[in-house]
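Structure, as structure tokens:
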Amino acid sequence: MKRSYHAGLFNGNVLVSKNNKIIYNASFGFTDATKTKKLNPDYRFNIGSITKEFSAVAVMQMQEKGKLNLDDKVSKFIPELPQWANEVQIKDLLRYTSGIPNVNWKKIKNDKDLFDGLMQIDTLDFKPGTDYDYNNNNIFLRQFIVERLTGMPYKKYVEKFIFRACKMSTSIVTPFENEDHIARGFNNNLVQDKPDLPITGGTYLTTVDLLKWADCLHKNKIINAKAIYELGQQFNLQETQSALGQAKYTNEKLIQHLHDGRAGNYEAILVSEIDEQFTIILLGNNYNGKIFDLSDAISAVLKDQKSSNPTKN
């Protein structure tokens, strides 16, 4: 990790857990583009697409409470949506097989704009369940459905029934104001990322809180093993993702969980080998595209295998 930092490949926080103990917890580099303040493990990072696990788990919690079924159509919960909502099932939102076109980001300033965008869709890109398109309208629809079923803002739901339930005491969901210990994304020209749009759902957390999330999920504390298996199902094509990113199972029991995320210059990866009882987390705020190489190298060390050197291109 020191070599990678000095080679300019990583700026962020790293945590490694083995046999339910944190064996490595370190920070490299700076909190923002000014490079005046050094990172420490209390800093929170945007975890990009790993955030999508929270809305997926919220949906499964709704199923466990009998409030929905994965075969239900979206129109059952948001009846005012256009005709396409009679075709899309909840499971399509989890597997990115809905056929709903992607968000038109040029028109988005807030959550209302996201909903209005869904209302303006007249046709799907493909018949639900027949193809795959990884896009954020699936995520926002999950959030809107959770809000309808619970009668509470999605942000509050996640904070109460996911973060608090998993003792993730420093995790926060956008939009937020005046929070401290937020790492700011920046590029290699020291240009800082633009502020977040005030839309719901982006998550900022520490490496320790992401470890708590993984443990909470893998030990069936937040949803049951059957629901976790359901979330790992993906469309049968190369390069597709499930709601958990990449998940592997033996006899429907989760044995491996890998999810990465990117938002602007934030980059994040969570790698859990559940049978081998280790988890690797890297959260960065200066994108260099090396977190897979770094996590592979750390994994090789933990498995006592020969590792490649991530500092070599």
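The values are calculated or read from the model by the stated rules, or taken from the named source; none is laboratory data. Keep in mind it's a predicted model, so treat the numbers as computed, not measured. For neighbour counting, all protein chains shown are included, and Cβ atoms are generated from backbone atoms with ideal geometry for every residue, glycine included. Accessible surface areas use protein heavy atoms only, side chains included; no ligands, DNA or RNA. Shrake-Rupley method; radii C 1.70, N 1.55, O 1.52, S 1.80 Å.
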| field | Single condition F140 does not satisfy, out of (1) open to solvent by 30 Å² or more (accessible area, probe 1.4 Å); (2) of a type in the set (F, W, Y); (3) out of contact with any Gly (no Cβ under 6 Å at 6 or more places or on another chain) | value | (1)
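Here's the yes/no breakdown for (1) at pLDDT below 95; (2) out of contact with any Leu (no Cβ under 6 Å at 6 or more places or on another chain); (3) buried (at least 22 other Cβ atoms within 10 Å of the Cβ):
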site: E267; (1), (2), (3): no, yes, yes
site: D275; (1), (2), (3): yes, yes, no
site: D293; (1), (2), (3): no, yes, no
site: N313; (1), (2), (3): yes, yes, no
| request: Restrict the check to the stretch 8-27 and report whether at least one residue is open to solvent by less than 10 Å² (accessible area, probe 1.4 Å), in a loop (DSSP other than H, G, I, E, B) and free of Cβ contacts under 8 Å to residues at least 40 places away in the same chain. | output: no
| task | Considering only the stretch 28-57, state which residues are among the hydroxyl-bearing types (S, T, Y), out of contact with any helix residue (DSSP H, G or I) (no Cβ under 7 Å at 6 or more places or on another chain) and either crowded, with 24+ Cβ neighbours inside 10 Å or outside any helix (DSSP H, G or I) (or both). | result | T31, T34, T36, Y43
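Across the stretch 222-266, what is the total count of residues that are over 30 Å from L197 (Cα atoms) and either part of a loop (DSSP other than H, G, I, E, B) or in contact with a Pro (Cβ under 6 Å, 6 or more places away or on another chain) (or both)? Explain how you work it out, then say what you get.
Step one: filter the stretch 222-266 for residues over 30 Å from L197 (Cα atoms), giving 223-230, 233, 235-238, 247-256.
The next check asks that each one be either part of a loop (DSSP other than H, G, I, E, B) or in contact with a Pro (Cβ under 6 Å, 6 or more places away or on another chain) (or both); those that pass are 223-224, 233, 235-238, 251-252.
The total comes to 9.
Among the listed residues D71, D42, which satisfies the condition of being among the acidic types (D, E) and closer than 18 Å to I139 by Cα? Quick ask: steps written out before the conclusion?
On the way: D42 fails: closer than 18 Å to I139 by Cα.
So the residue among D71, D42 that is among the acidic types (D, E) and closer than 18 Å to I139 by Cα is D71.
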| Residue list for the stretch 221-262, filter: without any contact (Cβ under 8 Å) to a residue 60 or more places away in the chain and aromatic (F, W, Y) | Y229, Y249
| message | Being under 21 Å from A56 (Cα atoms) and either open to solvent by 50 Å² or more (accessible area, probe 1.4 Å) or modelled with pLDDT under 95 (or both): is that true of R148 here? | response | yes
| task | Go through the residues of the stretch 84-97 one by one and say whether even a single one is open to solvent by 10 Å² or more (accessible area, probe 1.4 Å), closer than 24 Å to N224 by Cα and not in a helix (DSSP H, G or I). | result | yes
| Which listed residue is surrounded by fewer than 18 Cβ atoms within 10 Å (Cβ to Cβ) and at pLDDT 95 or above, from K107, K112, K155 | K112
| request: Restricting attention to the stretch 201-221, report how many residues are surrounded by 21 or more Cβ atoms within 10 Å (Cβ to Cβ) and in a loop (DSSP other than H, G, I, E, B). | output: 2
| said: Could you go through the stretch 58-79 and let me know if any residue there is among the small types (G, A, S), surrounded by 20 or more Cβ atoms within 10 Å (Cβ to Cβ) and touching a residue at least 24 places away in the same chain (Cβ under 8 Å). | reply: yes
| said: Checking M168 against (1) in contact with an Asp or Glu (Cβ under 6 Å, 6 or more places away or on another chain); (2) within 30 Å of N220 (Cα to Cα); (3) open to solvent by 10 Å² or more (accessible area, probe 1.4 Å); (4) free of Cβ contacts under 8 Å to residues at least 60 places away in the same chain, only one condition comes out false. Which one? | reply: (3)
| said: Please determine whether any residue of the stretch 123-132 is in a loop (DSSP other than H, G, I, E, B), more than 22 Å from W213 (Cα to Cα), within 19 Å of the chain's Cα centre (by Cα) and at pLDDT 95 or above. | reply: yes
